[in-house]
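The values are calculated or read from the model by the stated rules, or taken from the named source; none is laboratory data. Remember, predicted model here, so these are calculated numbers, not experimental data. Positions of Cβ are backbone-derived with ideal geometry, glycine not excepted, and every protein chain shown enters the neighbour counts.
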Amino acid sequence: ELIAALPLIYYLGLRQSHKVVGPFDRLIKTLDAIGEGDFSRRIHLRPGDTLEEIAQAINRMAERLDSKSKSRH
């Protein structure tokens, strides 16, 4: 029975890892861009991805930084 369940376990594990690794990678890339001064960057996650609250907080921060940057010019 365990051998028969292995493909399902593998599939579910792979699917779950994409819900963590994908958003994490997007977070890092967006934070790097914001750190370089590109305040227009936003994090776009798929529904159900982990880290949604962190992504929303980073997006709010980037919006404020973008507004402040534009008001200074």
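For residue 38, state whether it is modelled with pLDDT under 90 and assigned to a loop (DSSP other than H, G, I, E, B). Here the answer is no, as residue 38 does not meet what is asked.
Per the listing 25, 32, 38, 66, the residue uniquely surrounded by 10 or more Cβ atoms within 10 Å (Cβ to Cβ) and within 9 Å of the chain's Cα centre (by Cα) is 25.
Within segment 44-52, does at least one residue satisfy the condition of being in a helix (DSSP H, G or I) and at pLDDT below 90?
If we filter segment 44-52 for residues that are in a helix (DSSP H, G or I), which is where we start, we get 52.
Next, only the ones that are at pLDDT below 90 stay: 52.
Yes, segment 44-52 contains a residue that is in a helix (DSSP H, G or I) and at pLDDT below 90.
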